[in-house]
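The values are calculated or read from the model by the stated rules, or taken from the named source; none is laboratory data. This one's a predicted model, so the numbers in the text were calculated from it and none came from an experiment. We place every Cβ from the backbone using ideal geometry, glycine too, and count neighbours over all the protein chains shown. Areas reflect the complete protein model, heavy atoms only, side chains present, ligands, DNA and RNA absent. Shrake-Rupley method; radii C 1.70, N 1.55, O 1.52, S 1.80 Å.
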Amino acid sequence: MAARTYTKSPAIVQAIYDWSGFYIGGHVGGAWTDERATYLGTTGIPLDPIGTQYGGNRTGFLGGVQGGYNYQVQNIVLGVAGDFSWTGTSVDNATTSAFVPAVTIHTLSKTNWYSTFTGRIGYAANNVLFYAKGGVAFAEEVYGGYANVAGVGRVSSFNNVTSTRSGYVVGGGIEYGFAPNWTAFAEYNYLDFGRKNYTIVDTGNAITANFNIRDHVDVVKVGVNYKFGGPVVARY
């Protein structure tokens, strides 16, 4: 009887995407700001009752850079990240004075940039990463205003106040490794800067106006990252 010969099957090697390491990249997107300025009073002739609210909703594009570090343990990915986004969202909100109907009040607001620093946690399905994030947020805001009288034109102009505001951010997204060291992502962020009091001044007419401004922002962005380090881990 002929002897049987047994051969060992070759090991199956599975390439698993490795999310660990530092990364840098860029992004573009849009921002939707919901802003409410509550009138607290003025040193001049009051044009509206105290407590009047002026809406400052605005939308615009943004673009910027980001970077961070990920550490993968099996399917769980932990990380830290920071980003900076330039934007030019602005609004000139016009309302008619409650006390002097011939006067139109213009409240101006603009955002120059946003920045966030967050922790991240995600679940990796090979080269697809689902993640949530949360941390601190900052924004540079500019506030101002003026008043127009029908048939006369501008009768007051308040100096712009530039302020760096801080708050918190929460969000999440999905990231896809489309090449050994390159990934693409899409994410949503909610930024809340709470409330803060501001005084703007019309130096020409020696008038000050006081406001309490509430500000929160919805941000959607897409981008790409370049990941340093090994592209894959071989598993048997």
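Evaluate the stretch 205-213: report whether one residue or more is more than 21 Å from residue 61 (Cα to Cα), β-branched (Val, Ile, Thr), surrounded by 18 or more Cβ atoms within 10 Å (Cβ to Cβ) and out of contact with any Gly (no Cβ under 7 Å at 6 or more places or on another chain). Explain how you work it out, then say what you get.
Restricting attention to the stretch 205-213, the residues satisfying the condition of being more than 21 Å from residue 61 (Cα to Cα) are 205-213.
Filter once more, keeping what is β-branched (Val, Ile, Thr): 207-208, 213.
Now restrict to residues that are surrounded by 18 or more Cβ atoms within 10 Å (Cβ to Cβ): 213.
From what is left, the residues that are out of contact with any Gly (no Cβ under 7 Å at 6 or more places or on another chain) are 213.
Yes, the stretch 205-213 contains at least one residue that is more than 21 Å from residue 61 (Cα to Cα), β-branched (Val, Ile, Thr), surrounded by 18 or more Cβ atoms within 10 Å (Cβ to Cβ) and out of contact with any Gly (no Cβ under 7 Å at 6 or more places or on another chain).
Looking across 79, 44, one residue alone is surrounded by fewer than 17 Cβ atoms within 10 Å (Cβ to Cβ) and of a type in the set (Gly, Ala, Ser). It is 44.
Of the residues 31, 81, 3, 15, the single one that is modelled with pLDDT under 90 and under 30 Å from residue 178 (Cβ atoms) is 15.
Per the conditions (1) out of contact with any Leu (no Cβ under 6 Å at 6 or more places or on another chain); (2) modelled with pLDDT of 95 or more, the sole criterion not satisfied by residue 217 is (1). Of the residues 181, 189, the single one that is farther than 23 Å from residue 95 by Cβ, of a type outside the set (Asp, Glu), buried (at least 18 other Cβ atoms within 10 Å of the Cβ) and modelled with pLDDT of 90 or more is 189.
Any idea how many residues of the stretch 149-178 are of a type in the set (Gly, Ala, Ser), over 25 Å from residue 207 (Cα atoms) and open to solvent by 70 Å² or more (accessible area, probe 1.4 Å)? I'd like the intermediate steps shown before the answer.
Restricting attention to the stretch 149-178, the residues satisfying the condition of being of a type in the set (Gly, Ala, Ser) are 150-151, 153, 156-157, 163, 166-167, 171-173, 177.
From what is left, the residues that are over 25 Å from residue 207 (Cα atoms) are 166-167, 171-173, 177.
Subset that is open to solvent by 70 Å² or more (accessible area, probe 1.4 Å): 166.
Residues in the stretch 149-178 being of a type in the set (Gly, Ala, Ser), over 25 Å from residue 207 (Cα atoms) and open to solvent by 70 Å² or more (accessible area, probe 1.4 Å): 1 in total.
In the stretch 47-69, the residue that is nearest to residue 131 (Cα to Cα) out of those that are open to solvent by 40 Å² or more (accessible area, probe 1.4 Å) and among the hydroxyl-bearing types (Ser, Thr, Tyr) is 69.
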